[in-house]
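Every number in this text was worked out from the coordinates using simple rules, so none of it is lab data. This structure is a prediction, so every number in the text was calculated from the model and none was measured. Quick reminder, even Gly has a Cβ in these numbers, built from the backbone with ideal geometry, and neighbours come from all protein chains shown.
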Amino acid sequence: MRIAIASDHSAIELKAELAVWLTGEGHEVADLGPESGARVDYPDYGYKLAEHIASGRSERGIALCGSGIGISIAVNRNPACRCALVNEPVSATLGREHNDANVIALGARLVRLDVAKACVTAFLATGFAGGRHGPRVEKLGAAPVPATPC
């Protein structure tokens, strides 16, 4: 599988370890940076990853920052991306099954390497269930509906 991976400076080590592991598992990995641990802004790398996925250059993506939150928000600004923030394999599985997530986000300050690998394994091995989830996922890519007061 073609997998793109990107991070900010706080997740550079986890990114490198996952990239080596994924390559060893037979995947084609596009490391979108950064190259060093110098301070960078996570939105820049989240947008870069999202564009890469939206263009079809990779089938799946892995977004990393300190908490996973900021970079997941950046990735999700691209309507072609559905990025699920995960901290354990069950959420990675459900993100694929129910939401057809094509990107997962992980927080390097929150998950150990073994947990990150378990999340990635679940994410890559799980298909989209379709069925009742299909119309819901279609709504995620549609134009937003104006908010109404509650």
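Here are some notes:
- 12 Å beta-carbon shell around GLU51, net charge (K/R +1, D/E -1): +2
- At 1.567 mPa s and 4 °C, Stokes D of the stretch 2-141 from Kirkwood alpha-carbon radius, µm² per second: 90 µm²/s
- Simple Cβ-charge dipole of the stretch 92-150, Lys/Arg +1 and Asp/Glu -1, about Cα centre, in debye nearest 20: 120 debye
- Helix runs (DSSP H) in the chain reaching 15 Å along axis by Cα, Kyte-Doolittle at least 0.5: 12-24, 113-125
- Coil-residue GluC sites (Glu not before Pro) of the stretch 54-150, DSSP, other Cβ within 10 Å capped at 15: GLU59
- The region of the chain that goes longest without hitting one of the trypsin sites (Lys or Arg not before Pro) in a DSSP loop, each with at most 13 other Cβ atoms within 10 Å, is 1-38.
- Segment THR148-GLU51, extension gain: residue separation times 0.36 nm, minus the distance between their alpha carbons: 31.8 nm
- Rounded to the nearest 20 debye, dipole of the stretch 2-141 from Cβ charges on Lys, Arg, Asp, Glu: 420 debye
- Hits among lysines - C-alpha to C-alpha of LYS139 under 18 Å, sequence gap 8 or more where chains match: none
- Extension gain for ASP44 to ARG112 (0.36 nm times residue separation, less C-alpha to C-alpha distance): 22.0 nm.
- Mean Cα-pair separation over length for the chain, i.e. relative contact order, pairs under 8 Å, 6 or more apart, %: 22 percent
- Around the Cα centre of the stretch 1-53, unit charges on the Cβ atoms of Lys, Arg, Asp and Glu (plus for the first two, minus for the last two) sum to a dipole of about 60 debye.
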